[in-house]
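The values are calculated or read from the model by the stated rules, or taken from the named source; none is laboratory data. Owing to the predicted nature of the structure, the values given are computational and were not obtained by experimental measurement. Cβ placement follows ideal geometry from the backbone for every residue including glycine, while neighbour counts extend to all protein chains displayed. With ligands, DNA and RNA removed, areas are computed over all heavy atoms of the protein, side chains included. Shrake-Rupley method; radii C 1.70, N 1.55, O 1.52, S 1.80 Å.
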Amino acid sequence: MNSIWNNNLKLFNSRFPDLFNILEETFQITSFNLETQLPSLLIQTAKNGEVTASDNGKLLHSAYNPSREAHNSVFIPEVQENSSIVFYGMGIGYHLVEAAKLILQNSNKKKLIVVEPNLEYFLASLQLIDWTEIFKVEKLVLAINCPAESVLPLIEDTTTINTTLQGVSDAFYFDIASFTQHNQQYFECVKTIISRNKHKNEINAATTKKFGKLWSNNCKKNAKYINQLESINIYKNKFKDIPFVIVAAGPTLQKNLINLKKLYDSKQSKNKEVIIVCVETALKILLKNKINPDFIILTDPQFWAYRHIAGAQAPESVLITELSTYPSVFRFNCKKIVLCASQFPNGKEIEQKAGFSTEQIGDLGSGGSVASCCWNFAVFAGAKQIYLMGLDLSFPGGQTHIKGSSAEQTWHTKSNRLANSDKFTTELLHNANVSLGTNYNNAPVLTDSRMKMFAWWFESRLASLPQIKTYTFSKEGLKIPGIEYIDFEKSNL
């Protein structure tokens, strides 16, 4: 056992020196004692002479031939079809060894991800099983002792805000009950986060299939702008430590318009340094109240998204958009139009042919809503404090939008004697898979599956960036873990 342990430590230190040093300094891993520090693990000898073990009385591997059992579990078509192999827990490591062998036999292109919150189980495996093959895997990720929220980015493997359609949606997950029993709450949290993101990717893929032709036509018409307009990279970290206020068009914006106007007037008189960003649906109601946002973000390719700004003028505002939006967007009367990286294949292809990478343009991701792009832009620009107005992700009071918003005005223009605006609101409520959520008063509030997905996105992003503090000015909207309610008067804005 000592030779296995010493060899594994040497390989570990060679492959992941920074992680090794952190663990050694914090936990003194080289002095780890299996019997005293993990007494629940009972080491046994299998019928074929291999080492096996039980944890709290439950067998982790076969009592007859653990390596063959692991081989039969790993070498199946389903595992080979995916680009990543994810293990929730590891037992004492037999399955990891077989997964490594599979990857090494297939050009070493797959990613192997080991998720283990309890360091003791990782160290136990290093003492019991030879990790030589595992450490040969080129794309080996050890999510050891990581917060649950940090696991998703490791699987997605992105260096930008955007996530690819691979990652969580193109991985095979080994979810073996005996491997996770020692910390079920942690693993359930990880699995929930991953499940939500898999569902999000499925929605994105279905949306791409449905609107692909529209986005392709828009991109072709807008291709010329890639060389004519500046990108959002001109704002990267430009507003460091300046608070951002993100304005959406939810019903509770009505209660906060007075405060927003007060803040805007104070900003204009140079008493306050703050950046105001709005989604396109909130623009006209802000302009009506003589509030000119610093930035407007519109990334939805559909014609109806353009209608939210059509006919308006915002000479003091910068419009952030992308190549797949409706062509008329680029004729909007504003201070400046800048591009963010496209989230759609045709737009990405045009950018690449023009010689621009996603990083060179600036990526605002695809959290499913324009509000998520606004939040990403605030982080991109250097904000550490972000305040939300009108981002309800629910139907407080049975309303869908603030009265007077462009969405509501669109319904009025489509109204007739048989179909008034109330009918459109009612249809939206009843056709949206409505369910109950909880607001910041811990009271029930109507929401739907789509808006819950947006909320999950915020929850995941907030958890992965705990240094960014996000607040809401409304108690009536859907409560999102990580977003705190704050009274406007106490916000120091």
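Along its three principal axes, how long is segment 432-493 when you only count alpha carbons? Whole Å, largest extent first please.
38, 26, 16
Of the options Asn346, Ala46, Leu478, report the single residue whose Cα projects farthest towards the positive end of the charge dipole of the chain (beta-carbon charges: Lys, Arg +1; Asp, Glu -1).
Asn346
Please work out the average accessible area per residue across the chain, using the 1.4 Å probe convention, and give it in Å².
46
Only helical DSSP H runs with n ≥ 4 go in: add -39500 (n - 2.57) per run for the chain, normalise by residue count and round the 222 nm mean residue ellipticity to 500 deg cm²/dmol.
On the way: 20 runs with 204 residues, N = 493.
Result for the chain, helices only: -12000 deg cm²/dmol.
With only alpha-carbon atoms in the gyration tensor, what are the semi-axes of the equivalent ellipsoid for the chain, in Å, largest first? Show your work: numbers first, answer last.
Details: eigenvalues 474, 115, 98 Å².
Working through the eigenvalues yields semi-axes of 49, 24, 22 Å.
First check a/c for segment 219-368, with a ≥ b ≥ c the square roots of the eigenvalues of its C-alpha gyration tensor; if it is under 1.5, answer rounded, and if not, answer prolate when a/b is larger than b/c or oblate otherwise.
prolate
Once neighbouring chains are kept in place and the probe is 1.4 Å, which whole percent of the accessible area of the chain is contributed by carbon and sulfur?
Its accessible area is 49 percent carbon and sulfur atoms.
So what is Rg over Rh here for segment 29-124, counting just Cα atoms and using Kirkwood for Rh?
Across segment 29-124, the Cα-based Rg/Rh ratio is 1.00.
Which residues' amide hydrogens lie under 5 Å from the amide hydrogen of Thr438, considering only partners 5 or more residues apart or on another chain, with H built in the peptide plane?
Val445, Lys479
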